[in-house]
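Here it is, the structure in full.
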Amino acid sequence: MKILAFESTCDETAVSVVEDGRKILSDEIFSQANLHAVYGGVVPEIASRCHVESIAILAQRALDSAGVTRKDLDAVAVSYAPGLIGAVLVGVNFAKSAAMALDLPLIPVHHIRGHIAANYLAYPELEPPFVCLAISGGNTLIADVRDYTDIRILGATRDDAAGECFDKAARVLGLPYPGGKPMDDLAQGGDDLKYHFPVAHIEGRPYDMSFSGLKTAVINLNHHAEQTGEKLDRSGLAASFAKAVSDSLVPRAMMAVRKCGYSRLAVAGGVAANSRIREDFRKAAEAEGVSLYIPPMKLCGDNAAMIGAQGYYEYLAGVRAGTDLNAYANMDISQDYRTLPVCR
Ligand code: KG4
């Protein structure tokens, strides 16, 4: 089954053709990061405009590079939540039009479910149940993936997402947007014990996380240094920061695997590209005999192949949308699309 998939929830416009949920036939991505870098973050209006300008071109490219025609397609999938509402609407409307014009079923896909499914593309042997830590620019959560479409949240951030925290810390240090990769590069060879950053714990909610205190600690450290003329060890700061984020994520995710009684742990989302976090997970999983799945860098960030992968399993579960499909800025990952109030 060949699915044409669309992703436009933030600042990547992406279109892909995926076969049977596991094989990428094409994966076209246009990143707008350079357009937003000058503002130090994503400007929603610019993101929406740019999606409008590029989505049709990418759709044609995705078909061409997959070597398929419109007639070869069996369904259309689109990420419909969560994200920047104007940006999500572009993908949803384009996908609705494509499905209608080609007379194909339309499959709505939750963006974070898509991130989790990036692991199905990278690891053909991976099947639920497993625990997944999803860490991106807008979301951070630990999920119990009981089945392909039965996903429950065990814990989530109470405030900032891990990626957002990386981006804000990078901005304080004068690094370009998006700041995760530059922070990662700066941390290489740095002393991770140079600065002590807080790792938040939430009473009675062992799987919940908080990153706003960490962000504030970096801002305060920088502010204090500016006022006193102290020269910061930037590499040590980046390494200590990465350690604090990793210390928030890795033990909690491992604890969730133990609690669920599983032997598999997946990590997903843009922050899964972080070298410190990857290495800490590798060590922890090895120590506990847990099989670890982290997608290759290209599948960590936003892409449409992951939407096509999850779309396949949503399709098998009977999930379909009509022309009344709406876009949503917020949506619980465990919510079944079929239980949403119909919007007309
Ligand atoms: O999943 P993603 O591409 O978009 C969202 O759905 O949000 O994640 C983007 C986030 C950004 O915050 C970016 O700074 C972060 O992923 N990121 C990283 C790294 N590469 C990207 N964070 C830490 N270390 C990295 N190497």
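Just to confirm the number: angle between the C-alpha axis of helix 111-122 and the first principal axis of the chain, 0 to 90 degrees, nearest 10?
Roughly 90 degrees between the two axes.
What is the calculated FRET efficiency for K283 to N220, with r their C-beta to C-beta distance and R₀ = 35 Å, to the nearest 0.05?
Efficiency for this residue pair is about 0.70.
Moving on to the next point. Evaluate the Kirkwood expression for the hydrodynamic radius of the stretch 294-344, namely the inverse of the mean inverse distance over all pairs of different C-alpha atoms, and round to one decimal in Å.
Kirkwood radius, the stretch 294-344: 13.0 Å.
For the stretch 106-170 and the stretch 2-62, what is the separation of their C-alpha centers, rounded to whole Å?
What the calculation gives is 19 Å, centre to centre.
May I ask you to give the percent of accessible area on the stretch 29-109 that is carbon plus sulfur, with a probe radius of 1.4 Å?
58 percent
How do 62-68, 87-93 rank on mean C-beta neighbours within 10 Å, highest first?
87-93, 62-68
With a 1.4 Å probe and all protein chains in place, put T13, T69 in order of accessible area, largest first.
Correct descending sequence by accessible area is T69, T13.
What translational diffusion coefficient, to the nearest whole µm²/s, does the chain have by Stokes-Einstein, given a Kirkwood radius computed over alpha-carbon pairs, a temperature of 10 °C and 1.306 mPa s viscosity?
78 µm²/s
What list of ³J(HN,Hα) values in whole Hz, one per residue of the stretch 262-274 in order, does the Karplus curve 6.51 cos²θ - 1.76 cosθ + 1.60 (θ = phi - 60°) give from phi, with Gly and Pro shown as x?
Couplings: 9, 10, 10, 10, 10, 10, 8, x, x, 6, 5, 7, 5 Hz.
So what's the angle, to the nearest 10 degrees on a 0 to 90 scale, between helix 305-316 and the longest Cα principal axis of the chain?
50 degrees
Something else: Name the long-range amide H neighbours of G155: under 5 Å, sequence gap of 5 or more, or other chain; modelled H, no Pro or chain starts.
Here I142 satisfy the definition.
Taking 0.36 nm per residue of separation and subtracting the Cα-Cα distance, what length does fully extending Q188 through L232 add?
Gain on stretching Q188 to L232: 14.3 nm.
Same structure, new question: Using a 1.4 Å probe and counting only protein heavy atoms, arrange K168, K231 so the residue with the most accessible area comes first.
Ranking K168, K231 by accessible area, largest first, yields K231, K168.
Per DSSP helix of 4 or more residues, -39500 (n - 2.57); summed, then divided by the residues of the chain. What does that give at 222 nm, rounded to the nearest 500?
-14000 deg cm²/dmol
Here's another thing I want to ask about it. In whole percent, how big is the carbon plus sulfur part of the accessible area of the stretch 184-308, probe 1.4 Å, protein atoms only?
Its accessible area is 52 percent carbon and sulfur atoms.
What does the convex hull of the alpha-carbon atoms of the stretch 196-344 project to on average, in nm²?
If you wrap the Cα atoms of the stretch 196-344 in a convex hull and average its projections, you get 13.1 nm².
Right, something else. Skip the ligands, DNA and RNA, and give the accessible area per residue of the chain with a 1.4 Å probe, whole Å².
Value for the chain: 42 Å² per residue.
Please compute the modelled spin-label separation between I46 and R146, points set 7 Å along Cα→Cβ, answer in nm with one decimal.
For R146 paired with I46, the spin-label model returns 4.4 nm.
If you don't mind, there's one more thing I want to ask. How charged is the neighbourhood of S79? Take every other residue with its Cβ under 12 Å from the Cβ of S79, and add Lys/Arg as +1 and Asp/Glu as -1.
Around S79, the charge tally is -3.
Now for a separate question. Quick check: the angle from helix 162-172's long axis to the longest principal axis of the chain, C-alpha only, nearest 10 degrees?
Orientation of helix 162-172: about 50 degrees from the principal axis.
Quick one: accessible surface of F30, probe radius 1.4 Å, all protein chains present, in square angstrom to the nearest 10.
Here the accessible area works out near 80 Å².
Once the piece of chain linking D72 and K23 is laid out straight, how much longer is it, given 0.36 nm per residue of separation minus the C-alpha distance between them?
Separation in residues times 0.36 nm, less the Cα-Cα distance, equals 16.1 nm.
Something else about it: Cut-off 10 angstrom, C-alpha nodes, Gaussian network model of the chain. Which of V17, V290, V76 fluctuates the most?
In the Gaussian network model the winner is V290.
The values are calculated or read from the model by the stated rules, or taken from the named source; none is laboratory data. Just so it is clear, the model here is predicted, and its values are computed rather than measured. Cβ: placed from backbone, ideal geometry, glycine included. Neighbour counts: every protein chain shown. Surface areas here come from the heavy atoms of the whole protein model, side chains and all, with no ligands, DNA or RNA. Shrake-Rupley method; radii C 1.70, N 1.55, O 1.52, S 1.80 Å.
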